Amino acid sequence: MQSSGEQRANTLLRITALDVKHLKDGTNFLRDKESGSNFIIYKNGDVLRACKNVCKHQGGTFIKDIEDLDRRIVRCTKHNWKLDVSTMKYVNPPDSFCQDELVIERDEDNNITLNELRPPNPWDTDPRTPTELEPEELQITYITHACMEVKLGQKCMVFDPWLTGPAFARGWWLLHEPPSDWLERLCRADLIYISHMHSDHLSYPTLRILAERRPDIPIFVGNTERPVFWYLQKSGVKLTNVNVVPFGIWNQVDDHLRFMILMDGIHPEMDTCIIVEYKGHKILNTVDCTRPNGGKLPTDVAVMMSDFAGGASGFPMTFSGGKFTEEWKSEFIGTERKKLLNYKAQLVKDLNPRIYCPFAGYFVEAHPSDKYVRDINHKNDAATLNQLINKTSNVITWTPKPGAKLDVGRLLKDPTDREAIVDPPQGTKILKDSWDFATYLGPMSLSFKDEIFKYPSWIKEYYTWAGFKGYNLVVRMIEADEDFADLPQGYNYLVDFLDLSFPSERPCRDHAYEEIRSRATVMRHVVKNGLLWDDLYIGYQTRIQRDPDIYHHQFWNHFQIKLPLTSPDWKAFLEREKQNENDAQSCSLM
């Protein structure tokens, strides 16, 4: 028997010596007719390197890059990411990811095989045969966005409760009206799983209300490098039973129920997904993972649920200048949404769950000042995705409505059972038509007036705290009003991240340049509280121009994921500034 830590080699492709001889120096694209899989082999004399023709970012396909004369670079058709197959490192964005390389083995006749080293599937540990389910024994109720309530025998589990308030500062608001008893549902849960720290999954406004009623509710998160609850102590949310669990290990809840949290293959420092198993029946929730568990997932699940919509970042809605015309944005957004639909449909087809439910995409840019983004940021429709899946597979699909209930046991037993899915009562309000903007935007207004911003030295204090330097990028930060116009008496400054200096003019050397206009109320809220820049970028609170048109992965990755876990010490900062003022006054009187 194979040990739990032992890797096994899977042979993906065999190539005869004659075909090996015909490989050209540089990049070679190969397709296995039997499996339909695509591969890339790079040849340099007698040296061969190989990988799957699958972009590590979001599963796109590589093609020849016509700008590459050395035949080393391939370009992804999905987002134009570029991979140097001679090193298996991505060159666009630079210094970001490395491609998973295949192991090449030669025999004595010079035939070769491409092999993938894979550890044993953790979910295969202690396998359990599914047993028959009674009606109403395993039920899933959709609440809103990524929040599901799952009844598993005598236990109740809830995923990612975002039920009130905004996400990403003030950029996202709930599209659906949650069931009126959502708080009671949360309070009676036996455990809550929170996938990651993005605020449409880790909703402090929701948890603050929950903690007032039941502070000891068991909450489970994965042991990510970036702690999910890194903001908990300063949030004022008094939860006392947060459990951090390791990846790839079954967590036993009772005799019939267990769950396992897995990490994302692209953002393992923050994103996770979960497998819940009840009486041998698996529910796979991939949440927002770009490549959940590196693309290695179980293919025997009863229910799969995943995100579907797209439009969950600031690109390209918040970009301007250069190629970013309205026509370009419209065409790009339409193409990307179509690609995402096809990608999700293919993923569902490959995993072949018995039941599939698209969720985690029901948000709207509801604030009046974000009308521009709302108008251009067209999102996929869950029903359209399900229709596409139905055309290419026998998977049962469910397009959920808030409060709708799916009886897994009944549907597994009889896919035609119309009573297995119970919709909300007729007349139930499905879509929200009002949001309490004032309650949640008030704290940002208070941050804007904070005393620290009276002192221009807050700029150096903040970016020194942030700790990003040694990168040849100059950024102009401009505080703007609601319409992104210059804010009278707002700050407008340069940051040179090569040496972390703050020049009055752009340096004379060659350098990359970005101009970032941010709504001042949100930017100052982020600065004061040491928050991640997802609130700015994913929340559409910026307008960005860049020269040249290059995505600076290291810069954005740092400010969106790698900021210090402790906030800037603004108390000490104010004490120093006031002391400096007193010293200056004393000197002027001498």
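The values are calculated or read from the model by the stated rules, or taken from the named source; none is laboratory data. Given the structure is predicted, the values throughout are model-derived calculations rather than measurements. Cβ sites come from the backbone with ideal geometry, for glycine too, and all protein chains shown count toward neighbours.
Observations on the structure shown:
- Filter result for the condition that a residue is in a loop (DSSP other than H, G, I, E, B) and surrounded by 15 or more Cβ atoms within 10 Å (Cβ to Cβ), over 133, 114, 102: 133
- The residues of region 283-306 that are surrounded by fewer than 20 Cβ atoms within 10 Å (Cβ to Cβ) and touching a residue at least 40 places away in the same chain (Cβ under 8 Å), listed by number, are 290, 294, 295, 296, 298, 299.
- Matching residues, region 404-427, being of a type in the set (Asp, Glu) and either more than 21 Å from residue 178 (Cα to Cα) or assigned to a loop (DSSP other than H, G, I, E, B) (or both): 414, 417, 419, 423
- Qualifying positions in region 434-458 - assigned to a helix (DSSP H, G or I) and either modelled with pLDDT of 95 or more or hydrophobic (A, V, I, L, M, F, W, C) (or both): 437, 438, 441, 444, 446, 448, 451, 452, 453, 454, 458
- Only a single item in (1) touching a Gly at 6+ places or on another chain (Cβ under 6 Å); (2) buried (at least 21 other Cβ atoms within 10 Å of the Cβ) is not met by residue 361, and it is number (1).
- Residue check for residue 306: of a type in the set (Ser, Thr, Tyr) and either over 28 Å from residue 410 (Cα atoms) or not assigned by TED's automatic domain parsing to the domain that holds residue 256 (or both): no
Conditions (1) over 30 Å from residue 169 (Cα atoms); (2) small (Gly, Ala, Ser); (3) outside the structural domain of residue 349 (by TED's automatic domain parsing); (4) not in a helix (DSSP H, G or I), marked per residue:
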| site | (1), (2), (3), (4) |
| --- | --- |
| 378 | no, no, no, yes |
| 386 | yes, no, no, no |
| 389 | yes, no, no, no |
| 429 | no, no, yes, yes |
| 460 | no, no, yes, no |
| 465 | no, no, yes, no |
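- Residue in region 267-282 that is farthest from residue 343 (Cα to Cα), counting only those that are buried (at least 18 other Cβ atoms within 10 Å of the Cβ) and under 14 Å from the mean Cα position of the chain (by Cα): 270
- For region 467-480, filtering for residues that are in contact with a helix residue (DSSP H, G or I) (Cβ under 6 Å, 6 or more places away or on another chain) and not in a loop (DSSP other than H, G, I, E, B) leaves 2.
Here's the yes/no breakdown for (1) farther than 27 Å from residue 153 by Cβ; (2) surrounded by fewer than 21 Cβ atoms within 10 Å (Cβ to Cβ); (3) in the same structural domain as residue 165 (by TED's automatic domain parsing):
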residue	(1), (2), (3)
194	no, no, yes
209	yes, yes, yes
216	no, yes, yes
227	yes, yes, yes
236	yes, yes, yes
242	no, yes, yes
245	no, yes, yes
248	no, yes, yes
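- Counted residues, region 424-437 - those being more than 28 Å from the chain's Cα centre (by Cα), on the phi < 0 side of the Ramachandran plot and loosely packed, with under 12 Cβ neighbours inside 10 Å: 2
- A search for C-beta distances below 8 Å between a residue of region 497-522 that is hydroxyl-bearing (Ser, Thr, Tyr) and any residue that is not in a strand (DSSP E or B), counting only pairs 6+ apart in sequence or on different chains, returns 513/506; 518/536; 518/541; 521/441; 521/444; 521/445; 521/447; 521/448.
- Of all residues in region 348-376, those being over 18 Å from the mean Cα position of the chain (by Cα) and outside any loop (DSSP other than H, G, I, E, B) number 16.
- Remark: residue 385 matches the filter, which requires a residue to be surrounded by 17 or more Cβ atoms within 10 Å (Cβ to Cβ) and farther than 18 Å from residue 148 by Cα.
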